[in-house]
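Asks: Quick one: the structure is below, and I'll ask about it shortly.
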Amino acid sequence: MTAAQVVAQLKKFGIPFKEYKDWKTHNRDHKGKWGPVHGLMVHHTGSDAKDQRELLYKGYADLPGPLCHFGLAQDGTIHLIGWGRANHAGLGDDDVLDAVIAEKAIPKDNESNTDGNARFYGVEIWYSGSHAMSNEQYATLRLLAAAICDFHDWNEQSVIGHGEWGSPGKWDPGISSGKMMDMDAVRKDIKATIAKGKPASKPPTSKPSTPAKPKPTVPPFPGRSYFRPGAKNKYVTQVGAQLVKKGYGRFYKVGPGPQWTAVDRAAVKAFQRAQGWTGQDADGYPGPETWKRLFS
Ligand SMILES: [Zn+2]
């Protein structure tokens, strides 16, 4: 993966991440090979400090940074530390590397004869290892592993703990003092995450709201000339029907019908007055505003 490709994968899997300094070009490629990469190696930093970016970026005098590609904070955020060869894996067992490449069960490590820094992506999880990592860290670890496996078309056997690699004295990622997590169980969880595929970028936060009741649509006002003595048309019938609906049925002994009558006018006038209108606004002849209110 290139730096741009890893960013795209993090986005694709909805993984929260932040970029630290010039991580895209921060590496130790001048000291040795980088790639082909065959898997992801999981580490704990051995510290519960809240911000471990600079330490992972710079490293130590005898172990210069970057010390990983991914720093994984307590809140589940990935911090991108470097890209290219990084000092995280050291020497390990070639039989383990062969198993990772073949995606087979990881054999017990018993030698340190192979350069791991060229072969693995490394995630350093910010915790001491003497206790469990946070739930947020574990959730992101699963997504990160799935995102990487998705890109390379790997399965969960491509993910190992540093303690499985063959570096003497390593037991990361830890679950309690000196004790590594059950990596087969971790891989099982990662397998489930891979099977789920690309998660939605955002989990649904609420049920979809019920759609608002559609507002009644007001038909266009046909024009004042349709409501004059002697007029006979469908709009007169419609106005009468709306007046009945609105509670003015008492005016109609028969109908309402298409013929504009004094009864229609009296009913409209009562409706207009009920709107608080007076004078010409309550002359009993429907205008655009009367029409709108009748049909709303
Ligand atoms: Zn480690």
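Asks: Could you say whether any residue in the stretch 16-37 is free of Cβ contacts under 8 Å to residues at least 60 places away in the same chain, within 16 Å of the ligand (Cβ to nearest atom), assigned by TED's automatic domain parsing to the domain that holds Lys191 and under 25 Å from Trp165 (Cα atoms)? If you could, list the steps in order and put the result at the bottom.
Replies: Of all residues in the stretch 16-37, those free of Cβ contacts under 8 Å to residues at least 60 places away in the same chain come to 21-22, 24-27, 29-31.
Now restrict to residues that are within 16 Å of the ligand (Cβ to nearest atom): none.
Scanning the stretch 16-37 turns up no residue that is free of Cβ contacts under 8 Å to residues at least 60 places away in the same chain, within 16 Å of the ligand (Cβ to nearest atom), assigned by TED's automatic domain parsing to the domain that holds Lys191 and under 25 Å from Trp165 (Cα atoms).
Residues checked against (1) buried (at least 18 other Cβ atoms within 10 Å of the Cβ); (2) touching a Pro at 6+ places or on another chain (Cβ under 7 Å):
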position	(1), (2)
Arg224	no, no
Pro229	no, no
Asn233	no, yes
Thr237	no, yes
Ala241	no, yes
Phe251	yes, no
Ala267	yes, no
Gly276	no, no
Asp281	no, no
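Asks: Grab the strands (runs of 3 or more DSSP E) fully contained in the stretch 68-134, keeping just those with 2 or more residues being in the same structural domain as Arg28 (by TED's automatic domain parsing) and within 13 Å of the ligand (Cβ to nearest atom).
Replies: Numbers: elements: 70-72, 78-80, 120-125.
Result: 70-72, 120-125.
Asks: Give the residue, chosen from Glu54, Glu19, that is over 24 Å from Met183 (Cβ atoms), loosely packed, with under 15 Cβ neighbours inside 10 Å, under 26 Å from the mean Cα position of the chain (by Cα) and modelled with pLDDT of 95 or more. Lay out the reasoning, then the answer.
Replies: On the way: Glu54 fails: under 26 Å from the mean Cα position of the chain (by Cα).
It is Glu19.
Asks: Taking the stretch 53-67 only, how many residues are more than 13 Å from the ligand (Cβ to nearest atom) and part of a loop (DSSP other than H, G, I, E, B)?
Replies: 5
Asks: Only one of Ala73, Ala105 is in contact (Cβ under 8 Å) with a residue 12 or more places away in the chain and either in contact with a Lys or Arg (Cβ under 7 Å, 6 or more places away or on another chain) or surrounded by 13 or more Cβ atoms within 10 Å (Cβ to Cβ) (or both); which?
Replies: Details: Ala105 fails: either in contact with a Lys or Arg (Cβ under 7 Å, 6 or more places away or on another chain) or surrounded by 13 or more Cβ atoms within 10 Å (Cβ to Cβ) (or both).
Going through Ala73, Ala105 in turn, just one is in contact (Cβ under 8 Å) with a residue 12 or more places away in the chain and either in contact with a Lys or Arg (Cβ under 7 Å, 6 or more places away or on another chain) or surrounded by 13 or more Cβ atoms within 10 Å (Cβ to Cβ) (or both): Ala73.
The values are calculated or read from the model by the stated rules, or taken from the named source; none is laboratory data. This structure is a prediction, so every number in the text was calculated from the model and none was measured. Heads up, the Cβs are rebuilt from the backbone with ideal geometry, glycines too, and the neighbour counts pull from every protein chain shown.
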